[in-house]
Amino acid sequence: MEPVRISKLMSEQGICSRREADSYIERGWVFLDGEQVTELGTRAYPNQRITLSKAAKTTQQARVTVLLNKPIGYVSGQAEHQHKPAYTLIEAASRHAGDRSPQRFSPLHLKGLAAAGRLDIDSTGLLVLTQDGRIAKQLIGQDTEIEKEYLVRVSGTLPDSGLALLNFGLSLDGSPLRRAQVSWLNPDQLRFILQEGKKRQIRRMCELVGLKVLGLKRVRIGKVKLGDLPTGKWRYLRDDEEF
């Protein structure tokens, strides 16, 4: 077994992101088997114990995660083709009046705030924006098994084998898709539950079986639901919530 960089181990163990790990090491906030790590690039074995100082934990606890009901016309990440990014909606005036978090809004909460996952420009619903690398990895890491639930309005005629194929058997970009849970809610609306998020995945899946997506809304990520959060409004993820 070869030793690997501590920053990589910290990311894999969900302690923080690699970038955060390097920052913590520079500040003297990382300990390996009780000994302070003082050099970037220090290597360790996976079975060694990595801990953080109280200062690092306090910094992590101060980071916020925001839940936004993204409207159509906003992109999840950086601005593109003159379309505004979703994070521009995060301001005091657009905070949901029903937000039960005691957190007070601060402009500091916008620093480093980034979308943890994508939601197409022509889709609506639950978008997570976070300052916390641990949550970002939990939601969009390669091995994530967190479910994302969508309500999808469609037109067209689904062949007899179509529903089974939507659940399992389709491929995109040359790779087979993971098993999904797809069912009819009513004659023109499907429920999709996925554990992956390829670009425009649901729209492309529907095209493969002869359906056209007319509307798409994400209503749940893991244990967190969109609920009654109005379109264009946001709230903080509370301490008693987890994905």
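The values are calculated or read from the model by the stated rules, or taken from the named source; none is laboratory data. Since this is a predicted model, take the numbers as computed values, not measurements. For neighbour counting, all protein chains shown are included, and Cβ atoms are generated from backbone atoms with ideal geometry for every residue, glycine included.
Checking each residue in region 86-126 for being small (Gly, Ala, Ser), touching a residue at least 24 places away in the same chain (Cβ under 8 Å) and in a helix (DSSP H, G or I) picks out ALA86, SER94. The single condition among (1) surrounded by 12 or more Cβ atoms within 10 Å (Cβ to Cβ); (2) more than 22 Å from VAL128 (Cα to Cα); (3) aliphatic (A, V, I, L, M) that ILE90 does not meet is (2).
If you check LEU170, LEU208, LEU165, LEU226, which single one turns out to be at pLDDT 95 or above and closer than 30 Å to LEU110 by Cβ? Can you show your working first?
Values: LEU170 fails: closer than 30 Å to LEU110 by Cβ; LEU208 fails: closer than 30 Å to LEU110 by Cβ; LEU165 fails: closer than 30 Å to LEU110 by Cβ.
Step by step, each of LEU170, LEU208, LEU165, LEU226 is checked, and only LEU226 is at pLDDT 95 or above and closer than 30 Å to LEU110 by Cβ.
Does region 157-175 include one or more residues that are within 27 Å of TYR236 (Cβ to Cβ) and either touching a residue at least 12 places away in the same chain (Cβ under 8 Å) or exposed (fewer than 15 other Cβ atoms within 10 Å of the Cβ) (or both)? Checked region 157-175: no residue is within 27 Å of TYR236 (Cβ to Cβ) and either touching a residue at least 12 places away in the same chain (Cβ under 8 Å) or exposed (fewer than 15 other Cβ atoms within 10 Å of the Cβ) (or both).
Hey, which of the helices (runs of 4 or more DSSP H) in region 1-64, taking only ones fully inside, have at least 2 residues that are over 25 Å from LEU110 (Cα atoms)? Quick ask: steps written out before the conclusion?
Values: elements: 6-12, 18-26, 54-61.
So the answer is 6-12.
Report whether or not ARG134 is part of a helix (DSSP H, G or I) and in contact (Cβ under 8 Å) with a residue 40 or more places away in the chain. Don't jump to the end; show me each part of the working.
Numbers: part of a helix (DSSP H, G or I): yes; in contact (Cβ under 8 Å) with a residue 40 or more places away in the chain: yes.
Judged against the criteria, ARG134 is a match.
Out of region 1-40, which residues are closer than 22 Å to GLY141 by Cβ and of a type in the set (Lys, Arg)? Break it down stepwise before answering.
Just the residues of region 1-40 that are closer than 22 Å to GLY141 by Cβ, to begin with: 4-25, 30.
Within region 1-40, ARG5, LYS8, ARG18, ARG19 qualify.
Only residues that are under 16 Å from the mean Cα position of the chain (by Cα) and either at positive phi or modelled with pLDDT of 95 or more (or both) were counted in region 87-114, giving 1.
Is there a residue in region 114-132 that is farther than 21 Å from LYS198 by Cα and buried (at least 17 other Cβ atoms within 10 Å of the Cβ)? I'd like the intermediate steps shown before the answer.
The first filter runs over region 114-132 and keeps only residues farther than 21 Å from LYS198 by Cα, leaving 131-132.
Still in the list and also buried (at least 17 other Cβ atoms within 10 Å of the Cβ): 131-132.
Yes - at least one qualifying residue is present in region 114-132.
Take GLN201 and tell me if it is without any contact (Cβ under 8 Å) to a residue 40 or more places away in the chain, under 17 Å from the mean Cα position of the chain (by Cα) and not assigned by TED's automatic domain parsing to the domain that holds VAL128. Lay out the reasoning, then the answer.
On the way: without any contact (Cβ under 8 Å) to a residue 40 or more places away in the chain: yes; under 17 Å from the mean Cα position of the chain (by Cα): yes; not assigned by TED's automatic domain parsing to the domain that holds VAL128: yes.
So GLN201 fits the description; yes.
Across region 12-46, the qualifying residues are those that are at pLDDT 90 or above and among the β-branched types (Val, Ile, Thr), and the one among them that is surrounded by the most Cβ atoms within 10 Å (Cβ to Cβ) is VAL30. If you go through region 229-240 and keep only what is at pLDDT 95 or above and surrounded by fewer than 20 Cβ atoms within 10 Å (Cβ to Cβ), you end up with LEU229, PRO230, THR231, GLY232, LYS233, ARG235.
Would you mind stating whether TYR74 is among the aromatic types (Phe, Trp, Tyr) and either closer than 28 Å to LYS225 by Cα or without any contact (Cβ under 8 Å) to a residue 12 or more places away in the chain (or both)? Spell out how you get there, then give the answer.
Working: among the aromatic types (Phe, Trp, Tyr): yes; either closer than 28 Å to LYS225 by Cα or without any contact (Cβ under 8 Å) to a residue 12 or more places away in the chain (or both): yes.
Considered against the rule, which asks whether it is among the aromatic types (Phe, Trp, Tyr) and either closer than 28 Å to LYS225 by Cα or without any contact (Cβ under 8 Å) to a residue 12 or more places away in the chain (or both), TYR74 comes out as yes.
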